[in-house]
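The values are calculated or read from the model by the stated rules, or taken from the named source; none is laboratory data. Note that the coordinates shown come from a computational prediction; the quantities given were computed from them, not determined experimentally. Backbone-built Cβ (ideal geometry, glycine too); neighbour counts: all protein chains shown.
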Amino acid sequence: MGNKNWLKIIGVITIVISIVTWTMDWLEWVYPCPYCRTQRTVIGLLGLIMILPHAQHWISRWISLSAGTLGLVVAANQNFAHLKKVYTGDLELGDSWYMHPFLLSGAAIFIMVGQLMLISSYKQQPE
């Protein structure tokens with residue numbers, strides 16, 4: 001499977017992640033967090049760029065890096081806000097620890113860095 005196919009497959013997966021998390025937000029299954037909304041929007045936008053035919057174009061990379069930087073800064077701010085709670089002893093994960101913003105913002109950072117890495121390193125292969 002070529003480089004282009006992997007980029008598109010991962011792009012579709014991240015778009016699905018974005019749509020599922022936005023659906024959870026619209027159905028009010030999760031707290032309407034502006035940090036989370038920004039992160040899921042950036043993940044979806046980067047996924048969309050990954051499936052476009054010209055992901056290697058400088059404009060696509062510029063938009064990706066600009067949006068990705070915004071998403072990473074927002075995710076890092078959210079993550080460090082919760083990290084302060086760890087140091088003060090106020091962090092409580094609770095029963096649904098897997099849905100805690102501290103862990104989810106860390107996962108968003110991981111996803112966005114991966115997307116940016118793939119978009120930045122993508123080179124058009126001859127068909």
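Out of L83, L104, one residue alone is touching a residue at least 24 places away in the same chain (Cβ under 8 Å), outside any loop (DSSP other than H, G, I, E, B) and surrounded by 11 or more Cβ atoms within 10 Å (Cβ to Cβ). It is L104.
Yes/no matrix, rows are residues, columns are (1) over 19 Å from F110 (Cβ atoms); (2) touching a residue at least 24 places away in the same chain (Cβ under 8 Å); (3) not aliphatic (A, V, I, L, M):
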{"residue": "E28", "(1), (2), (3)": "yes, no, yes"}
{"residue": "Y31", "(1), (2), (3)": "yes, no, yes"}
{"residue": "M50", "(1), (2), (3)": "no, yes, no"}
{"residue": "S60", "(1), (2), (3)": "yes, yes, yes"}
{"residue": "T88", "(1), (2), (3)": "yes, no, yes"}
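Return yes or no: is S66 part of a helix (DSSP H, G or I) and surrounded by fewer than 18 Cβ atoms within 10 Å (Cβ to Cβ)? In short, yes.
Consider segment 4-29 and keep the residues that are surrounded by 15 or more Cβ atoms within 10 Å (Cβ to Cβ) and hydrophobic (A, V, I, L, M, F, W, C). The one that is farthest from the chain's Cα centre (by Cα) is L7.
On the stretch given as segment 33-60, residues that are within 16 Å of the chain's Cα centre (by Cα) and part of a helix (DSSP H, G or I) total 18.
Exactly one residue out of V16, V30, V20 is at pLDDT below 90, more than 14 Å from G114 (Cα to Cα) and either part of a helix (DSSP H, G or I) or in contact with a Cys (Cβ under 9 Å, 6 or more places away or on another chain) (or both): that is V30. The residue list Q78, Q39 contains one member that is surrounded by 11 or more Cβ atoms within 10 Å (Cβ to Cβ), of a type in the set (S, T, N, Q) and in contact (Cβ under 8 Å) with a residue 60 or more places away in the chain, which is Q39.
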